[in-house]
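First the structure, in the form of structure tokens, and then the observations on it.
Just so it is clear, none of the values below were taken in a lab; they were calculated from the coordinates. Note that the structure is a prediction, hence the values are computed from the model and not measured. Neighbour counts run over all protein chains shown; Cβ positions are idealised from the backbone, glycine included.
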Amino acid sequence: MTDAWMDGCPFCRIVRGETDTRILYQDDLVTAFPDIRPIAPYHFLIVPNVHLESVNEVEPAHEAALGRMFSVARRLAEDYHVTHSGYRLIVNTGPHAGQSVFHLHMHFIAGRHMPFRA
Ligand code: 5GP
Ligand code: ZN
């Protein structure tokens, strides 16, 4: 991935604090923020701070960040009181899955019934 492309990556820009996106959580490994086009009352994105295009670029060195993404999902569920009502975590990868932003991200979706089942 070229530096020039990363400069334009919308999620890298959010991670670097270059936008007015509301940051829900950030640490040394991951950042969480609201999806700009929410499909549910609670629709957040959790991303590794490092630029990975998709799961296809994941290596063992990234496991700490990927594990942290799940810890943050649990934390968001508690913060927004959906631990028991439930939530869905989605990582779209590639064209068939409809991935549209090529910085790996986990959708956190909650607050309504989700009839579609994988
Ligand atoms: P994908 O389809 O790649 O899994 O999901 C990308 C998601 O990123 C979409 O739900 C879209 O609404 C969201 N998104 C795209 N650009 C931005 C942005 O600049 N800011 C935020 N907060 N969300 C974005
Ligand atoms: Zn990026």
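Structure values in brief
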quantity	calculated
With Cα atoms, 0 to 90° folded angle of helix 63-79 axis to the chain main axis	30 degrees
Potential extension, residue 7-residue 22 segment - 0.36 nm per residue separation minus Cα distance	3.4 nm
Dipole magnitude of segment 3-110 about its Cα centre (Cβ charges: Lys, Arg +1; Asp, Glu -1), debye to nearest 20	420 debye
Helical mean residue ellipticity (222 nm; -39500 (n - 2.57) per DSSP H run of 4+; nearest 500) of the chain	-7000 deg cm²/dmol
